Amino acid sequence: MRPVRYGIYGLMAFAVLSFGGVEPWKQAALEIGTAILAVAWAVIVVRRGKLEIVWNWMYVPLAGLSLVALGQCVFKLSVYPYLTKMELLRLITYTMICFLAVESFRTEGHAKQLMWFLATLGFVVAVFGIVQHLTFNGRLYWLVQAPEGTNPFGPFIDPDHFAGFMELTVPFGLALVLFRARRREQITLLLLFTIVGVAAVVLTGSRGGTVAVVAELLVLAFLTRVDVMQRKTLLAIGAVVLAAGTFSAWLGVSNTIRRFEELEREGLTKQLRYSIYKDTAGIFRDHPWGGTGFGTLVVVYPRYASFYDGRVVDHAHNDYLELLADAGMVGGALGLCLIAALYWRGLANLRGTKSAVARAAIAGALSACTGLLLHSFVDFNLHIPSNAMIFLLLACLATASMMVPTGRRIRRASRPC
């Protein structure tokens, strides 16, 4: 499955570096790329002459959300069927990526390779974001004109979405160190990856991102508490925070502190944010069971807007409220099932393995997902294709019973527990 694994790496890198994959043609490229990987996986299976499917409980809520979107389209329940169809395509794409990842990353070696890839990609994007922040000329990659009124950071239009991506990569370098799933000479490099990533999040001025990263470090400390290295764990995390703070101050953190203190960020005042939350809750109250249709908030919201400042509100800046408005109680229940399955199976897998690599991979994934779930209370990272795809991929890998020692053959497919 090596071609499929490398294809998944390529799709993740493409989505991140192409402004989060938010533009329609980039989303289409992700969908086409996923379809090609699915065909490649099928060809490999046929050539091997046997099919071994690894079950994952995360498939249930993911399939459920896709069926809700499909039902909204088929039964004309969506107020704007075209937008719901686009969301349905994205949900199918994410589900297929998760399936291919679970089928392709089956050994400790695969898990370690993925952790190194994410840590390295996060470091490269963090360095690029810091350099662009210090030399910003109003253009992304110093070439593409940024939309008016935005404050890009790295390859992302919104610094909060850059922070969301970093939340998905920061824990892995430290997890490899804390669970001793690395060689001694790699410790300095992995700590550097973590420090630069945390510093980049602080420099964005993203309050939600900074709180989420701190929470990730605490979760990682909690997940390693049963190890004999508990004291070393706390010292390592404290050293990372101190070093990241020092590095941020050296880069020039005064402007970032000012942004933390401001109530207004790129036009989203405190009053407007609370108004959006209240109005989105109003949409849910009027459509409590099936919602207005996935992806339709942008067309429904103007009828409920209680505060107008001339800006288009395309997302609720709270992924949970937006899910309730889009898909009602049914979608909300499926979202809760997804989160419950993540921690139920993820923690069970963590307790059930003695492998340092598997424990590092599961703990890192759980920490990363926890950070993004917290950030989702105040932003919409789960509507950014790159961040949503990586989040769901990590959630499925953390909950899959797939980590076997490198070089050991898998004799049979895992069954539901």
Review point. On the given criteria, is residue 117 touching an Asp or Glu at 6+ places or on another chain (Cβ under 8 Å) and under 14 Å from residue 364 (Cα atoms)?
Key: no
Check your understanding: Just checking, how many residues over segment 134-166 are closer than 27 Å to residue 391 by Cα, touching a Gly at 6+ places or on another chain (Cβ under 8 Å) and not in a strand (DSSP E or B)?
Key -> 12
Revision key, fill the gap. Within segment 145-160, the count of residues that are hydrophobic (A, V, I, L, M, F, W, C) and free of Cβ contacts under 8 Å to residues at least 40 places away in the same chain comes to 1
Exercise for review: Report whether or not residue 390 is open to solvent by less than 10 Å² (accessible area, probe 1.4 Å) and β-branched (Val, Ile, Thr).
Suggested key: yes
Exercise for review: Would you be able to say whether some residue in segment 169-185 is without any contact (Cβ under 8 Å) to a residue 24 or more places away in the chain, part of a helix (DSSP H, G or I) and open to solvent by 30 Å² or more (accessible area, probe 1.4 Å)?
Suggested key: yes
Revision key, fill the gap. Across segment 212-226, the tally of residues that are surrounded by fewer than 24 Cβ atoms within 10 Å (Cβ to Cβ) and in contact with a helix residue (DSSP H, G or I) (Cβ under 7 Å, 6 or more places away or on another chain) stands at 5
Review point. Which residue pairs have Cβ atoms under 8 Å apart, sit 6 or more places apart or on different chains, and have a first residue in segment 277-304 that is of a type in the set (Asp, Glu) and a second that is buried (at least 16 other Cβ atoms within 10 Å of the Cβ)?
Key: 279/301; 279/304
Check your understanding: Based on what the data block shows, is residue 60 touching a helix residue (DSSP H, G or I) at 6+ places or on another chain (Cβ under 7 Å) and open to solvent by less than 40 Å² (accessible area, probe 1.4 Å)?
Key -> no
Check your understanding: Within segment 337-351, is there a residue that is outside any helix (DSSP H, G or I), more than 23 Å from residue 174 (Cα to Cα), at pLDDT 95 or above and touching a helix residue (DSSP H, G or I) at 6+ places or on another chain (Cβ under 6 Å)?
Key -> no
Study note, to complete from the structure: Of the residues in segment 15-30 that are surrounded by 16 or more Cβ atoms within 10 Å (Cβ to Cβ) and of a type outside the set (Gly, Ala, Ser), the one that is farthest from the chain's Cα centre (by Cα) is 26
Point to revise | Residue identified as modelled with pLDDT of 95 or more, charged (D, E, K, R) and either open to solvent by 50 Å² or more (accessible area, probe 1.4 Å) or part of a helix (DSSP H, G or I) (or both) among 326, 314 | key: 326
Point to revise | Of the criteria (1) open to solvent by 10 Å² or more (accessible area, probe 1.4 Å); (2) closer than 30 Å to residue 359 by Cα, which one residue 150 fails | key: (2)
**Study point:** Residue pairs meeting the criteria (Cβ under 7 Å; at least 6 apart or on separate chains; first touching a residue at least 24 places away in the same chain (Cβ under 8 Å) and of a type in the set (S, T, N, Q), in segment 46-68; second in a helix (DSSP H, G or I) and surrounded by 18 or more Cβ atoms within 10 Å (Cβ to Cβ))
**Key:** 56/102; 56/396; 56/399; 66/88; 66/91; 66/92; 66/95
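The values are calculated or read from the model by the stated rules, or taken from the named source; none is laboratory data. Predicted model only: the values in this text are computed from it and were never measured. Because the Cβ atoms are built from the backbone with ideal geometry, glycine has one as well, and the counts that use them run over all protein chains shown. Note: areas computed on protein heavy atoms with side chains; ligands, DNA, RNA excluded. Shrake-Rupley method; radii C 1.70, N 1.55, O 1.52, S 1.80 Å.
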